[in-house]
Every structure is written in structure tokens, then in C-alpha cells.
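Undergrad: Okay, handing you the structure first.
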Amino acid sequence: MSDANPARLVVLVSGAGTNLQALIDACADPAYGAKVVAVGADRDDIEGLARAERAGIPTFVRKVGQFTSREHWDLALTDTVAAFEPDVVVLAGFMKLVGPAFLGAFADRVVNTHPALCPSFPGTTGPADALAYGVKVTGATLFVVDAGVDTGAIIAQAVVPVQDDDDVESLHDRIKVAEREMLVENVGRMAREGLTISDRRVRFGR
Ligand code: GRF
């Protein structure tokens, strides 16, 4: 993708949207090579959607409860995202597992960020689980989404030391600082260089 033709990012969020904001800010530089064309969520009234609205980016909400089944939700989410013709879909704190239709439509183009060093501590409580286990380092992982929970091929990881006086909030806050930097750097590289995956090994380039 060139400056004149930036990669199209659709970002899905469920919460505060600080990762989204980091991407929006990075995209302000044409040399970054990407543009957030839409932001979607699985719930209303979240700061992530407000951030998108303030930036003039189209938003949409698809709640699981609006549909008769999880499968229908997945199909609706797929259609909505597809309409924005994304080159990359970024799950940035999106607290739902996308389904087979979604992964089929955007194969190897959906990435997620997880606040732990995969394969350790998958799921929604990564920082708390790392703290409870007593690890001395944890961090964040950017990976290509597959059908599992935080099991996809790893694009990048950032290491964060655990401090003696950490609680879950202080640890997660420090992870999020490293996570945002990792996300911005590597989504930018994906946008500019493309990604090749072979036997779980990910490298930049087409
Ligand atoms: C991030 O740490 C993400 O990895 C986790 O939830 C947090 C979302 O933060 N799943 P934000 O909404 O981007 O501020």
C-alpha cells in the first residue's frame, strides 16, 4: 500500500478504546500507510465508539442479543465489516470470539491483541492470571486470529516485567502501554509490507 492508497483498517472494540486511539493517531501520518475506515462494537455507550465518532470515523454496533443465534450475529458482523472492504481487521479489546463466517471472509487478515505472552494465560483475565501465577515477566501478544482462544500465529510480542507491588490494575496499565506501541508498529508494517504465514511462522512481506 502506498501513501496515496493506505491499507483499510476496520477496528472492533468493546471498551475504553485506547488501542484504537493509538491506531487513529498513527494513521494521521500518511507515511504510516493505513486508515481506520470503520469502528465496530458489540455494545453501546463505550468510550471506544466515542473516540471513533470524535475522529469522524463511521461506527456500527452488532450485539449478540439482537440476533436469534450466535451464527446469525457472526454473519451480520461479517457482512457489515465486509461492506467497508478492509485489508486488515483489528480486534482491539473486542470481547467476543468471532465465528467461522467471519474468519472465512477475512482469512489471515484478522489480528487480535492479548494482554499476556501467548500461549500463557489465554482468555479474558490474562493480567490477573499472570499475577496469580507469580510470573516475573508477562506482556502482550499480537496474533492472527484463528478458531481458538488466543491461539493464532504470533506476529509480535512485548515483554513487561511484573513488579513486587503490582496489582491487576497497575500491571494491566503497564501492559497496555507496551501493547499499544506493539500494535501500532506491527499493524503499520502489515499495512505497508503485508504478512506471510507458513506453519505458524509469521514474517512481514508478500
Ligand atoms: C487490552 O489490554 C486488550 O488486550 C484487552 O483489553 C484491553 C482493551 O483496552 N483484551 P482498550 O479498550 O484498547 O483501552
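Undergrad: So VAL144 fits all but one of (1) farther than 20 Å from GLY17 by Cβ; (2) open to solvent by 60 Å² or more (accessible area, probe 1.4 Å); what number is the exception?
TA: For VAL144, the exception is condition (2).
Undergrad: What are the pairs with Cβ atoms under 8 angstrom where one residue, in region 170-192, is buried (at least 21 other Cβ atoms within 10 Å of the Cβ) and the other, located anywhere, is modelled with pLDDT under 95? Sequence gap at least six, or different chains.
TA: Within 8 Å, the pairs are ALA191/MET1.
Undergrad: Regarding region 133-140, can at least one residue be identified that is of a type in the set (Ser, Thr, Tyr), over 14 Å from LEU91 (Cα atoms) and buried (at least 17 other Cβ atoms within 10 Å of the Cβ)?
TA: Checking region 133-140: at least one residue is of a type in the set (Ser, Thr, Tyr), over 14 Å from LEU91 (Cα atoms) and buried (at least 17 other Cβ atoms within 10 Å of the Cβ).
Undergrad: Those residues that are surrounded by fewer than 13 Cβ atoms within 10 Å (Cβ to Cβ) and of a type outside the set (S, T, N, Q), I need them from region 150-169; list them, please. First the steps, then the outcome.
TA: So in region 150-169, the residues surrounded by fewer than 13 Cβ atoms within 10 Å (Cβ to Cβ) come out as 159, 161, 163-165, 167, 169.
Listed by number, the residues that qualify are VAL159, PRO161, ASP164, ASP165, ASP167, GLU169.
Undergrad: Which of the residues belonging to region 12-39 are touching a Pro at 6+ places or on another chain (Cβ under 9 Å), within 22 Å of PHE67 (Cβ to Cβ) and either in contact (Cβ under 8 Å) with a residue 40 or more places away in the chain or outside the structural domain of LEU77 (by TED's automatic domain parsing) (or both)?
TA: Of region 12-39, the ones touching a Pro at 6+ places or on another chain (Cβ under 9 Å) are 27, 30, 32-35, 37-39.
From what's left, within 22 Å of PHE67 (Cβ to Cβ): 38-39.
Across region 12-39, the qualifying residue is only ALA38.
Undergrad: Next question. Farther than 18 Å from VAL184 by Cβ and either within 12 Å of the ligand (Cβ to nearest atom) or assigned to a loop (DSSP other than H, G, I, E, B) (or both), is that true of ASP150?
TA: Spelling it out, ASP150 is indeed farther than 18 Å from VAL184 by Cβ and either within 12 Å of the ligand (Cβ to nearest atom) or assigned to a loop (DSSP other than H, G, I, E, B) (or both).
Undergrad: Within region 1-18, can you find the residues that are more than 13 Å from ILE46 (Cβ to Cβ) and either small (Gly, Ala, Ser) or within 16 Å of the ligand (Cβ to nearest atom) (or both)?
TA: Hits for region 1-18 are SER2, ALA4, ALA7, LEU9, VAL10.
Undergrad: Moving on. Answer yes or no: is there a residue in region 49-67 that is over 16 Å from the mean Cα position of the chain (by Cα), at pLDDT 95 or above, within 22 Å of THR151 (Cα to Cα) and charged (D, E, K, R).
TA: Within region 49-67, none of the residues are over 16 Å from the mean Cα position of the chain (by Cα), at pLDDT 95 or above, within 22 Å of THR151 (Cα to Cα) and charged (D, E, K, R).
Undergrad: In region 89-115, which residues are assigned to a loop (DSSP other than H, G, I, E, B) and without any contact (Cβ under 8 Å) to a residue 40 or more places away in the chain?
TA: If the condition is that a residue be assigned to a loop (DSSP other than H, G, I, E, B) and without any contact (Cβ under 8 Å) to a residue 40 or more places away in the chain, then GLY99, PHE106, ALA107, ARG109 are the ones that fit.
The values are calculated or read from the model by the stated rules, or taken from the named source; none is laboratory data. What you are looking at is a predicted structure, and each value in this text was computed from that prediction instead of being measured. Cβ coordinates were reconstructed from backbone atoms using ideal geometry, including for glycine residues, and neighbour counts include every protein chain displayed. We work out accessible area using only protein heavy atoms, side chains counted, and drop any ligands, DNA or RNA first. Shrake-Rupley method; radii C 1.70, N 1.55, O 1.52, S 1.80 Å.
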